[in-house]
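Okay, so here's the structure we're looking at.
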Amino acid sequence: MSNRISFFDGHNDFLVRLMMAEAPRADVWRGPREKGHLDLARMREGGFAGGLFAIFVPSPAKGPRRDLASQMAASSQGVPLPPLMTHEAAQPVALKQAGLLHWMAREAPDDFAVCRSAGEIRGAMAEGKIAGVLHMEGAEPIGEDLDALYLFHEMGLRSLGPVWIRPTVFGHGVPMRFPADPDISPGLTEAGKDLVRLCNELGILIDLSHMNEAGFDDVAALSDAPLVATHSNAHKLCASPRNLTDRQLARIRETGGLVGLNFATFYLREDGKFDADMGWDELLRHADYLIEHLGEEHVGLGSDFDGCLVPKPIGDVTGVQALFGALREHGYDDALLAKLARDNWLSCLERTLGA
């Protein structure tokens, strides 16, 4: 595709899918595979030039697994919050996923590189390699003494969300509930505040996407880095507590931060449903709204690939070019598309991680 736009993605859960895959992991990585949203072959086809690859530790299953849609429908309180997980339980899983990211680079050295700075990201892209940056969604693998953060930083960790939906020793996330406001539960604990300070010191981006409102405000008061939500949308358009209020968007804009447009249907649709049968309208509305409230330089992509249900017109990573086509037809010119696709993310990472 001669007019294909290369892009940087603010969030995916491919490492979890790779860890849990029943097929040989080399086949899952190289692809193309029919399952999931990502593999090397489809990344190449779809213009995926780099992204934040999340370490995520699933909660232990108790009883039969139920999909999120049925759990959401079963109670007005939404999906029950999983219990707190200790770092002793979470750390081995996190180490395995960190190892998988490095294995991906060893398995395909001409196609993929683990990157630790904006300069390394730009360098990998210039060489035609996919730039992989290690992220952590939920800081359970880090103990209260924070010693493990130094180790994960050495492995390449450059982005961290203190919480997922379950509570941690660092703070509280927001539940899978709809409709709901993000003003839920207390903010950061003292350990969480120490975590923010050390992330600033080490040059680790602090991801606000799963933070509740009090935690968001705590990070904003403590951090000297741009405020970033790697994969969130506008609460005004979809009343999920995972989405950002106008006040939060204004605070992000004030700090020169960024929001990654999330492709999950239940963070896009006005009805909050887990339903992929939808067109481009919701994605376009959220993109317009985020740009209106943040400015053209502070919006990027945060797909949530391999961690969510995406609209049918996207399907998987190969459908992102169709999204760019829809945005172009909607009135976005080449300069704005380049900002949304990669330039804004690269500028934000330079301000956060260093050149």
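Could you tally the net charge around His293, taking each other residue with its Cβ under 12 Å from the Cβ of His293, Lys/Arg +1 and Asp/Glu -1?
Numbers: positive: Lys236, Arg247, Arg251, Arg253; negative: Asp246, Glu254, Asp288, Glu292, Glu296.
With Lys, Arg at +1 and Asp, Glu at -1, the net is -1.
Taking H placed 1.01 Å from N in the peptide plane, check which residues at least 5 places from Gly260 or on another chain put their amide H under 5 Å from its amide H.
Correct list: Ala229, Thr230, His231, Ser232, Gly300.
Would you work out if the range 211-326 is rounded, prolate or oblate? Take a ≥ b ≥ c from the square roots of the eigenvalues of the alpha-carbon gyration tensor; rounded if a/c is under 1.5, else prolate when a/b is larger than b/c, oblate otherwise.
On the way: a/c = 2.00, a/b = 1.69, b/c = 1.18.
Judged from the Cα gyration tensor, the range 211-326 comes out prolate (a/c at least 1.5, a/b above b/c).
Among 343-354, 24-35, what's the highest-first ranking by average C-beta atoms within 10 angstrom per residue?
343-354, 24-35
Check each of the GluC sites (Glu not before Pro) in the range 200-307 and keep only those in coil by DSSP with at most 12 other C-beta atoms within 10 angstrom; list them in order. Could you put the intermediate results ahead of the total?
Numbers: sites: Glu201, Glu213, Glu254, Glu270, Glu282, Glu292, Glu296, Glu297; in loops: Glu270.
Qualifying residues, ordered by number: Glu270.
Along its three principal axes, how long is the range 301-342 when you only count alpha carbons? Whole Å, largest extent first please.
Computed over the range 301-342, the largest-to-smallest principal extents equal 29, 18, 13 Å.
Multiply the residue separation of Ala276 and Lys35 by 0.36 nm, subtract the distance between their alpha-carbon atoms, and state the gained length in nm to one decimal. Provide the component values of the computation, followed by the final result.
Numbers: separation 241, 0.36 × 241 = 86.76 nm, distance 1.58 nm.
Gain on extension, Ala276 to Lys35, equals 85.2 nm.
For the chain, how many pairs of lysine residues have a Cα-Cα distance under 26 Å, where the two are 8 or more positions apart or belong to different chains?
Lysine pairs meeting both conditions in the chain amount to 14.
Length gain on complete extension for the stretch Asp27 to Leu84, per 0.36 nm per residue less the alpha carbon to alpha carbon distance?
Working: separation 57, 0.36 × 57 = 20.52 nm, distance 3.42 nm.
Taking Asp27 through Leu84 to full extension adds about 17.1 nm, to one decimal.
Nearest 500 deg cm²/dmol is fine: what mean residue ellipticity at 222 nm does the chain get from its DSSP H runs of n ≥ 4 alone, each adding -39,500 (n - 2.57), divided by its residue count? Write down the numbers at each step before the final one.
Details: 14 runs with 137 residues, N = 355.
Roughly -11000 deg cm²/dmol at 222 nm, from the helical runs in the chain.
How much net charge surrounds Thr245 when only the other residues with a Cβ under 15 Å from the Cβ of Thr245 are counted, with Lys and Arg +1 and Asp and Glu -1? Please list the in-between numbers first.
Numbers: positive: Lys236, Arg242, Arg247, Arg251, Arg253; negative: Asp181, Asp183, Glu213, Asp217, Asp246, Glu254, Glu292.
Computed value for this residue: -2.
Can you tell me the Rg and the Dmax, both Å, for the Cα atoms in the chain?
In order Rg, Dmax, the Cα atoms of the chain give 18.5, 52 Å.
Which percent, to the nearest 5, of DSSP beta bridges fully inside the chain are antiparallel?
Values: 2 of 30 bridges.
For the chain, the DSSP antiparallel bridge percentage is about 5.
Let me check I've understood the local charge: for His87, count other residues with C-beta under 14 angstrom from its C-beta, Lys and Arg +1, Asp and Glu -1. What total comes out? Could you put the intermediate results ahead of the total?
Numbers: positive: Arg166; negative: Glu88, Glu140, Glu144, Asp145, Asp147.
Overall, the nearby charge balance is -4.
Express in % the proportion of alpha carbon pairs of the range 81-239 at distances exceeding 20 Å.
Details: 6524 of 12561 pairs.
Counting pairs separated by more than 20 Å, the tail of P(r) holds 52 percent.
Quick check on the range 117-225: of the DSSP beta bridges with both residues there, what percent are antiparallel, nearest 5%? Mind showing how you got there, number by number?
Details: 2 of 8 bridges.
The answer is about 25 percent antiparallel.
Which stretch or stretches of the range 332-349 have amide N atoms under 17 Å from the point lying 7 Å from Glu297's Cα along the Cα→Cβ direction?
335-349
Readers should treat all values here as calculations from the given coordinates under stated rules, not as data from a laboratory. Not measured: the values here are computed from a predicted model. Here the Cβ is made from the backbone with ideal geometry for all residues, glycine too, and neighbour counts use every protein chain on show.
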